[in-house]
Structures are given as C-alpha cells and as structure tokens.
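Novice: One structure follows; several queries about it will come next.
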C-alpha cells in the first residue's frame, strides 16, 4: 500500500513538473527597481511609473499576459529572480558577459551611454590626472561601479550607494565630487531639476561593451527559454506597431533604442 502511494506521489510530482515546464506565460511577475528615474520611480500616490514600467506593461499586453510588478532593491534584484520571487527583470539592466553567467537575457530594449557629472567649474578639462584625489559616487553593484573601480580605483575614492537618489543627495551636500551613471538617468533624474542646475556632464560618452554591455535587456532565469522567446517577440511587436515610440516620446526627445 505504501509503495503504491509512493508511486502515485512520484507520478503527481512528475506531472506537476511537466506543467511548470509547459508554462504558457499568461501571468508574468516582473521585478522592477522603482528608484531610477526616469526609467523607474514611485509616484506620490505610491504607483510605480517610468519608461521601464510602461515597457513592462506594453510587453505584457503584446504577449496577452497579465503582468504583476514587484518592486525590489537593486542589490538583490538578480538573487530574487533566481529565488523565483518574480519571472523577469525589467530594470534598465545592461546585458553583460558577467551577468550572462547567472541569467539569460532578451535582446536589448534600449541603449544609452554612461557619463560623469560634476559641479560646474570643478575641472576645466576631463582627464585621469584631473580625476586624482576626487571622491566619485556610483550605484552599488552596477556596470558604472565596475567601470569606475576598474579604471579609476587607484586614483579616486569611491562611494557606493543603494539608490541613485542617495548619490544625488550626497553630491549636492558636497560629500562626493562627481557621479557616474547612465546619461539619461543623470540628465532627467538630476541635471534638469532645480537641484542640478549647478552641475554638468564632464568627459566623453562611455560605451565600451567590456563594461557597459550591449544595451539594456530583460533578465530571465536560464531555464525559462520560452519566456525569453516570447519577450523578444513582444519587443519586436511594440517596436513595429508604434507602441514603443509612443512610450519613448512620453519620456525622451531622442531615440533611446540606439543603433
């Protein structure tokens, strides 16, 4: 009797595993950050908003899927995906070789360069020599953090932050001299605001794929290959039917998709 019961349980577990494997992705939980304007932020009423948020909703509609957004701090955003807290990450995550070791990526859904910003007059010309001794901030565990560490770690003091907003606060308070981040996030999230009026971009656009990857993609667990395919198809759909451009034009006055 016990043997028969054990066999029945095994059969049931196999069947359940088959059902999981055959997920039709009509319901998708998407991890977002909510602290990276204009891509992702929280409105005064508590609602999530931003380019990433609108893209997530549009992709769900294109897939005929019900989307649930799950806010997650950046530091734990990949571990939470692997722990199945959600099924995909749409959080301006650059597609890099290092991250590919842990997760699968869709094709890019936008690509913009990174930049440094500093107070006007801090330096007349950008150079590694002029960077020496400066305190430079970056969001922790990002491509910008890695680039800064690899290229300027011996020349500057690096301060790392949990969110980009924390970095902006320290910049205006004078606790850091410079910041590095995505150029659009810096422009729309800080430079175009009153508190950013005394600050400027400094130095070149930073695009080297060794550090900055191949654009921002959607991260998915490696075993969920069908979801990657569906999301790639959905990206193509919203690009071709005008939805992507409508979302882009809501936030930006230029092409964020890149070449």
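Novice: Given the conditions (1) part of a loop (DSSP other than H, G, I, E, B); (2) over 16 Å from the mean Cα position of the chain (by Cα); (3) touching a residue at least 60 places away in the same chain (Cβ under 8 Å), and given that residue 118 satisfies all but one, which numbered condition is not satisfied?
Specialist: (1)
Novice: Pick out the one residue from 226, 181, 185 that is in a helix (DSSP H, G or I), crowded, with 21+ Cβ neighbours inside 10 Å and either touching a residue at least 24 places away in the same chain (Cβ under 8 Å) or in contact with a helix residue (DSSP H, G or I) (Cβ under 7 Å, 6 or more places away or on another chain) (or both).
Specialist: None of the others qualify; the one that does is 185.
Novice: Of these, 229, 208, which one is farther than 15 Å from residue 92 by Cα and within 18 Å of the chain's Cα centre (by Cα)?
Specialist: 208
Novice: Answer yes or no as to whether residue 215 is out of contact with any helix residue (DSSP H, G or I) (no Cβ under 8 Å at 6 or more places or on another chain), closer than 15 Å to residue 105 by Cβ and modelled with pLDDT of 95 or more.
Specialist: yes
Novice: Further, regarding this structure: Taking the range 242-258 as the search range and keeping residues that are touching a residue at least 40 places away in the same chain (Cβ under 8 Å) and either farther than 22 Å from residue 25 by Cα or in a loop (DSSP other than H, G, I, E, B) (or both), which one is farthest from the chain's Cα centre (by Cα)?
Specialist: 250
Novice: Can you find a residue in the range 151-173 that is crowded, with 22+ Cβ neighbours inside 10 Å and on the phi > 0 side of the Ramachandran plot?
Specialist: For the range 151-173, residues crowded, with 22+ Cβ neighbours inside 10 Å and on the phi > 0 side of the Ramachandran plot: absent.
Novice: I need the full set of residues from the range 122-170 which are under 25 Å from residue 97 (Cα atoms), assigned to a loop (DSSP other than H, G, I, E, B) and more than 21 Å from the chain's Cα centre (by Cα), in order please.
Specialist: The answer is 153, 154.
Novice: Taking the range 112-130, which residues are under 16 Å from residue 206 (Cα atoms) and in contact with a helix residue (DSSP H, G or I) (Cβ under 9 Å, 6 or more places away or on another chain)?
Specialist: Matches in the range 112-130: 112, 113, 114, 115, 116, 117, 118, 128.
Novice: Sort out which residues of the range 77-112 are in a loop (DSSP other than H, G, I, E, B) and either under 19 Å from residue 238 (Cβ atoms) or not assigned by TED's automatic domain parsing to the domain that holds residue 225 (or both), and write them in order of number.
Specialist: Across the range 77-112, the qualifying residues are 87, 95, 106, 107, 108, 109, 111, 112.
Novice: Right, next: Would you mention how many residues in the range 83-96 are surrounded by fewer than 21 Cβ atoms within 10 Å (Cβ to Cβ), out of contact with any helix residue (DSSP H, G or I) (no Cβ under 8 Å at 6 or more places or on another chain) and touching a residue at least 12 places away in the same chain (Cβ under 8 Å)?
Specialist: 2
Novice: Residue check, residue 71 against (1) surrounded by fewer than 16 Cβ atoms within 10 Å (Cβ to Cβ); (2) at pLDDT 95 or above; (3) in contact with a helix residue (DSSP H, G or I) (Cβ under 8 Å, 6 or more places away or on another chain), all met but one. Which one?
Specialist: (3)
Novice: Given the options 210, 192, name the one that is farther than 26 Å from residue 233 by Cβ, surrounded by fewer than 18 Cβ atoms within 10 Å (Cβ to Cβ) and touching a helix residue (DSSP H, G or I) at 6+ places or on another chain (Cβ under 9 Å). Spell out how you get there, then give the answer.
Specialist: Values: 192 fails: touching a helix residue (DSSP H, G or I) at 6+ places or on another chain (Cβ under 9 Å).
Matching residue, one of 210, 192: 210.
The values are calculated or read from the model by the stated rules, or taken from the named source; none is laboratory data. These numbers come from a predicted model, not from an experiment. Please note: Cβ atoms are built from the backbone with ideal geometry, for glycine as well, and neighbour counts cover all protein chains shown.
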